[in-house]
Amino acid sequence: MNATTTSKLRAWLPAACIGAALCLSAPGAAAQAWPAKPVKMVVTYPPGGTVDAVARVIAPKLSARLGQPVVIDNRAGAGGAIGGDLVAKSAADGYTVMLDASNHSQNPALRSKMPFDTLRDLAPVSLLVRVPNVLVANPAAPIASVKDLVAQAKARPEQINYASSGNGSAQHLAAELFGAMAGVRMTHVAYKGGGPALTDVMAGQVPVFFASLASSLPYIQGGKLRALAVTGKARSPVLPQVPTVAEAGLAGYEVYEWNGVFVPAGTPAPVVDRLSRELAAVLREPDVRTRLEGMGAEVIGSTPAELDAFRRAEIAKWTQVAKTNRIALD
């Protein structure tokens, strides 16, 4: 190599190094490099429930698309607030994500003292699914329709009991919204989870329950529960003969349980965008759709912006319900 060539090479090397550095800091670089190690998916509810079931359908498929293990970490408690706090305070590097549920938007409405700020500390990625509740009754109870329930509740204020999976739960709030819109007062019986509530409704201890469609569907199909109405905007494909609450007389009533993915605020936008795209691709896979729709879910796969708009609207709705009905968890 002659002196002229060596001189030109030395002149070129710094520029090449600078160019490489710029490439690594370019908008797409973070997404291209991520993930370089396993991703932890914090599920804010315990194993065996609907939220956990959705996570276990999605995680293996997401792992295959990312080329890294997606490890489920169940962090239950406080209506999702324990898991939410963990994720909110985790490193914003894309290696901790959260699969959360409806309480994501209900906790800010019910709790004046949250360990984190939902909107400030958690960035939206994708709304995965929405699942309507279903208003169920014990088959032996003299309640065969929404009209029957409203009539009896009006005739006997606070004497009709309804079950929920806990104070401030999605089922509790669904019933309170129902009561407010119907102009009736019923008595809340809170259980420690949806399973015990379903058991007591089937046993006749409590007549009605705004149950999760996913968990109650087998009992409806088996004749152990009577489905009065679903809480979604449209009838459920898995219960096409059952009207919506709106159809049954409460125009405008619409309630969903839902699951969405969030990351710590400050996670690089290219990582968030890639994660959102990969989740949408997973949800388009036929076997994933079949499994989720079999649970009564409406499969979505939104953009981050769409999830952000959705959660803000939900927070506003439940804040009003909590205020009107004087519901608080602290």
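The values are calculated or read from the model by the stated rules, or taken from the named source; none is laboratory data. These figures come from a predicted structure and were not determined experimentally. Heads up, the Cβs are rebuilt from the backbone with ideal geometry, glycines too, and the neighbour counts pull from every protein chain shown. Side chains included, ligands, DNA and RNA excluded: accessible areas come from the protein's heavy atoms. Shrake-Rupley method; radii C 1.70, N 1.55, O 1.52, S 1.80 Å.
Details
- Residue list for the stretch 96-125, filter: among the polar types (S, T, N, Q), surrounded by 21 or more Cβ atoms within 10 Å (Cβ to Cβ) and in a loop (DSSP other than H, G, I, E, B): 102
- Among the residues here, residue 109 qualifies as touching a Ser or Thr at 6+ places or on another chain (Cβ under 6 Å), more than 30 Å from residue 38 (Cβ to Cβ) and not polar (S, T, N, Q).
- Pairs with Cβ under 6 Å, 6+ apart, first in the stretch 60-80 and modelled with pLDDT of 95 or more, second assigned to a strand (DSSP E or B) and among the charged types (D, E, K, R): 71/40; 73/40
- Any chance residue 234 is of a type in the set (A, V, I, L, M, F, W, C), crowded, with 22+ Cβ neighbours inside 10 Å and free of Cβ contacts under 8 Å to residues at least 60 places away in the same chain: no
- In the condition set (1) open to solvent by 10 Å² or more (accessible area, probe 1.4 Å); (2) out of contact with any Asp or Glu (no Cβ under 9 Å at 6 or more places or on another chain); (3) in a loop (DSSP other than H, G, I, E, B), residue 227 is compliant with all but (3).
- Criterion: aliphatic (A, V, I, L, M) and under 27 Å from residue 37 (Cβ atoms) - qualifying residue of 119, 86: 86
- Residues located in the stretch 244-256, provided they are open to solvent by 10 Å² or more (accessible area, probe 1.4 Å) and either without any contact (Cβ under 8 Å) to a residue 40 or more places away in the chain or not in a loop (DSSP other than H, G, I, E, B) (or both): 246, 247, 251, 254, 256
- Taking the listed residues 71, 43, the one that is open to solvent by less than 20 Å² (accessible area, probe 1.4 Å) and among the hydrophobic types (A, V, I, L, M, F, W, C) is 43, with no other qualifying.
- Total residues in the stretch 23-40 satisfying the condition of being open to solvent by 70 Å² or more (accessible area, probe 1.4 Å), in a loop (DSSP other than H, G, I, E, B) and either among the acidic types (Asp, Glu) or at pLDDT below 80 (or both): the figure is 2.
- Verdict on residue 316 being among the small types (Gly, Ala, Ser), assigned to a helix (DSSP H, G or I), open to solvent by 20 Å² or more (accessible area, probe 1.4 Å) and closer than 17 Å to residue 103 by Cβ: yes
- Qualifying residue in the stretch 209-225 (condition: over 24 Å from the mean Cα position of the chain (by Cα) and more than 17 Å from residue 242 (Cβ to Cβ)): no
- Members of the stretch 66-82 that are out of contact with any Lys or Arg (no Cβ under 9 Å at 6 or more places or on another chain) and part of a helix (DSSP H, G or I): 80
- Some residue of the stretch 274-296 being modelled with pLDDT of 95 or more, out of contact with any helix residue (DSSP H, G or I) (no Cβ under 8 Å at 6 or more places or on another chain) and part of a loop (DSSP other than H, G, I, E, B): no
- Of all residues in the stretch 77-99, those being of a type in the set (D, E, K, R) and within 21 Å of residue 63 (Cα to Cα) number 1.
- Pairs where the first residue, in the stretch 274-291, is closer than 14 Å to residue 129 by Cβ and the second is among the hydroxyl-bearing types (Ser, Thr, Tyr) and not in a helix (DSSP H, G or I), C-beta under 6 Å, 6+ apart: 279/126
- Of all the residues in the stretch 151-179, those that are out of contact with any helix residue (DSSP H, G or I) (no Cβ under 6 Å at 6 or more places or on another chain), within 15 Å of residue 133 (Cβ to Cβ) and free of Cβ contacts under 8 Å to residues at least 60 places away in the same chain number 2.
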